[in-house]
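Here the structure is laid out as structure tokens; the discussion comes afterwards.
The values are calculated or read from the model by the stated rules, or taken from the named source; none is laboratory data. The structure displayed is predicted, hence computed values, not measured ones. All Cβ positions, even for glycine, are placed from backbone atoms using ideal geometry, and neighbour counts span all protein chains on display. Keep in mind that these areas ignore ligands, DNA and RNA; they rest on the heavy atoms of the full protein, side chains included. Shrake-Rupley method; radii C 1.70, N 1.55, O 1.52, S 1.80 Å.
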Amino acid sequence: MGDLGEQFTNLFKKYMPNAFVFALVLTVITAVSALVWTESTIMDTLSAWYQGFWQLLEFGMQMTLLLVTGYSIALSPILKRFFSKLTQFIQTPRQLYPFIILIGMILSAVSWGWIVITAVLGRELALRIKGVNYPYLIACVYFSGGVWVSGFSSTIPLLLNTENNYLIEAGVLSGTIPTSYTLGSILNISIIGFSLFIGPLLFFLLAPKKSNGLEEMLSSKPQNQELTILEEAESMKQKEISFSDRQNNSPILQYVIGLMGLVYIIYYFSTKGLDINLNIMIFIFIVMGLFLHQTPIRYGIVMKRSSSNISAILFQFPFYAGIMGIMKYTGLGNELTKAMVSIGTIESFPFLAFLNGAIVNFAIPSAGGEFAVVGPSVIDAVKELGVGLPELQVTKMIARASMSIAFGESLTNSLQPFYLLLILPIMGLGIKIQARDVMGYLFIPFILFFIAWALIVVYVPL
């Protein structure tokens with residue numbers, strides 16, 4: 001199986017373009033599809049593209065801050081020592097791959113943004129363990145993030161359980177759908193159980209024999225010896241200690257601000273429960289960074305280093321937002337969904353919803369954004385199929401269809417390099433590596449998980 005994975009990787013290296021080219025190709029395909037499939041004119045399509053271009057600015061900034069603040073924590077000496085003690089029993093690559101899959105899935109189940117922590121852990125272990133195939137390890141980290149869809153930060157089930165959400169305001173739903181029908185369902189628990197058991201085993205079996213270690217990739221060209229954060233902070237002091245130096249290197253003000261943040265974090269969770277979203281997670285990372293790096297000058301240095309590799313996020317997010325705009329404002333997403341669900345039956349609609357989520361994800365790699373486009377049509381189709389059935393049964397059908405969309409959307413990220421933008425800035429720092437070096441290792445896991453998840457979606461009870 002490892003040899004087969006290598007063969008697919010070689011194919012991806014040969015034929016898969018740069019991630020930005022992938023986004024440009026998707027833009028053209030989506031625009032042409034809108035012209036052919038809808039009544040939109042060229043200017044309608046271009047206007048939809050432009051309108052969508054700016055709709056992920058908030059999300060893009062959140063991704064950037066998540067990456068920078070998460071990585072800044074990882075650069076602290078305390079966390080490096082913690083990772084070293086936590087993983088001291090991991091000695092070989094064959095132990096590392098399933099371990100990082102399992103840890104990554106658990107972290108992603110808490111919050112999908114915690115894939116940043118998995119990426120940091122993977123890089124630290126790759127520097128210590130000899131014989132690691134580093135592109136394969138990146139693939140392990142990336143695949144482990146797929147379980148987020150079944151966890152506490154899963155967008156679609158949380159939306160369905162939100163009072164006065166846009167589906168209720170539009171009359172698509174008559175009320176909220178409890179998470180007991182989505183995240184707490186037998187269906188979702190089955191997805192989690194299958195993934196936690198089969199994922200580590202599968203990536204253990206697929207592990208390539210050849211080594212392609214991080215240290216080898218880093219040493220392929222001369223590296224300047226980088227100062228530690230403390231050394232750089234010391235080098236920035238003036239010869240005679242000044243008032244400004246004392247403020248720059250004093251922990252007092254930073255600890256006061258950190259304490260303010262800590263008090264609010266405690267207040268937040270005591271009043272809202274385990275409501276983990278991007279904003280509170282970024283805020284936690286910022287507060288942790290303030291305490292871990294102690295002084296303003298050190299925190300400024302570490303944030304500068306953490307921001308050195310975020311260009312892909314900054315310029316690729318608007319292009320994916322533009323694709324989402326075409327899907328949304330030309331009606332292409334709605335037309336695609338109608339075409340698929342029009343052939344649905346009570347027995348087949350879960351699979352069709354799963355397939356719909358999988359396909360549309362290539363154009364809209366955001367669960368919330370995708371559901372805003374296709375969700376209403378899918379829910380309306382389910383309601384039509386459920387005419388005459390008890391209300392509770394129809395509600396459960398809607399919950400199943402919605403979760404099926406979420407599962408399909410999450411799984412096809414294995415073939416969509418968009419969220420590698422969160423991983424490569426960390427794991428690819430200082431080396432030359434592209435999405436094509438990683439994605440081939442994910443093809444076999446995608447096929448096997450697609451078949452298994454589809455069977456679970458169709459046959460496992462809610």
>> 7 Å from Cα along Cα→Cβ at both Q7 and Y268: what's the point-to-point distance in nm?
In response: 4.9
>> 5 Å is the cut-off here: which amide hydrogens, built 1.01 Å from N in the peptide plane, fall below it relative to G428, excluding neighbours closer than 5 in sequence?
In response: none
> Round to a whole number: what % of the accessible area of the range 398-462 belongs to carbon and sulfur, probe 1.4 Å?
Replying inline: 70
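Just to confirm, what accessible area per residue do you get for the range 282-348 at 1.4 Å probe, in whole Å²? Walk me through the numbers before you get to the answer.
On the way: 2660 Å² over 67 residues.
Roughly 40 Å² per residue, with all protein chains present.
So what's the chain giving for Cα Rg divided by 2.2 N^0.38 Å, two decimals?
Rg over 2.2 N^0.38 Å, computed on Cα atoms: 1.03.
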>> For the pair F82/T345, report the inter-label distance in nm, with labels modelled 7 Å from Cα in the Cβ direction.
In response: 5.4
>> Can you classify the range 83-210 as rounded, prolate or oblate using the Cα gyration tensor, where a ≥ b ≥ c are the square roots of its eigenvalues, rounded means a/c under 1.5, and otherwise it's prolate if a/b beats b/c and oblate if not?
In response: prolate
> What shape does the range 1-131 have by the C-alpha gyration tensor, where a ≥ b ≥ c are the square roots of the eigenvalues, rounded means a/c under 1.5, and otherwise prolate means a/b greater than b/c and oblate the rest?
Replying inline: oblate
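For an R0 of 41 angstrom, estimate the FRET efficiency from the Cβ-Cβ distance between K383 and T92 and round to the nearest 0.05. Write down the numbers at each step before the final one.
Working: r = 54 Å, r/R0 = 1.31.
Calculated transfer efficiency: 0.15.
At a threshold of 8 angstrom on Cα-Cα distance, excluding pairs fewer than six apart, so keeping six or more, what relative contact order does the chain reach in percent? Each step should come with its number before you reach the end.
On the way: 638 pairs, mean separation 136.8, N = 462.
Taking the mean separation of contacting Cα pairs over the length of the chain, I get 30 percent.
Can you work out the FRET efficiency for the pair I252 and L448, with r the C-beta to C-beta distance and R0 = 60 Å, to the nearest 0.05? Working shown, then result.
Values: r = 55 Å, r/R0 = 0.92.
Approximately 0.60, to the nearest 0.05.
About the Cα centre of the chain, what is the dipole size in debye to 20, counting +1 per Lys and Arg Cβ and -1 per Asp and Glu Cβ, all else neutral?
Numbers: 26 positive and 25 negative charges, 283 e Å.
Roughly 1360 debye, rounded to the nearest 20.
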> Using alpha carbons only, how many degrees (0 to 90, rounded to 10) separate the axis of helix 391-411 from the longest principal axis of the chain?
Replying inline: 50
>> Can you list residues from other chains, or at least 5 along the same chain, whose modelled amide H is less than 5 Å from the amide H of N133?
In response: N212
>> For the pairs K14/K209; K209/K432; K80/K272; K338/K396; K210/K304, flag any whose C-alpha to C-alpha distance is greater than 24 Å.
In response: K80/K272; K210/K304
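Classify the range 112-155 as rounded, prolate or oblate from the Cα gyration tensor: take a ≥ b ≥ c as the square roots of its eigenvalues, call it rounded if a/c is under 1.5, otherwise prolate when a/b beats b/c and oblate if not. Mind dumping the intermediate values first?
Details: a/c = 4.29, a/b = 2.35, b/c = 1.83.
Note, shape of the range 112-155 comes out prolate.
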>> Can you give me the angle between helix 19-37 and the longest principal axis of the chain, using Cα atoms only, in degrees from 0 to 90, rounded to the nearest 10?
In response: 20
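Full extension from V21 to I431: what is 0.36 nm times the residue separation minus their Cα-Cα distance, to one decimal in nm? Walk me through the numbers on the way to the answer.
Values: separation 410, 0.36 × 410 = 147.60 nm, distance 2.03 nm.
Extra length available between V21 and I431 comes to 145.6 nm.
Given the rule -39500 (n - 2.57) for each run of at least 4 DSSP H residues, summed and divided by the residues of the chain, what is its mean residue ellipticity at 222 nm, to the nearest 500 deg cm²/dmol? All intermediate terms of the calculation are to be shown ahead of the outcome.
On the way: 25 runs with 322 residues, N = 462.
Helix contribution divided over all residues of the chain: -22000 deg cm²/dmol.
Compute the relative contact order of the range 98-196 as a whole-number percentage, counting only Cα pairs closer than 8 Å that sit 6 or more residues apart in sequence. Kindly include the intermediate steps, with their values, before the conclusion.
Details: 103 pairs, mean separation 28.9, N = 99.
Across the range 98-196, relative contact order equals 29 percent.
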> Under a 1.4 Å probe, what is the accessible area of the range 21-99 per residue, stated in Å²?
Replying inline: 55
> Near Y419, within a Cβ-to-Cβ distance under 14 Å, what is the net charge of the other residues, with Lys and Arg +1 and Asp and Glu -1?
Replying inline: -2
> Does anyone have the angle between helix 311-329 and the longest principal axis of the chain? Alpha-carbon axes, 0 to 90°, nearest 10?
Replying inline: 10
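What order do you get for 231-237, 54-60 when each peptide is scored by the mean count of other beta carbon atoms within 10 Å, highest first?
On the way: 231-237: 14.0, 54-60: 16.0.
Most protected by this proxy first, the peptides run 54-60, 231-237.
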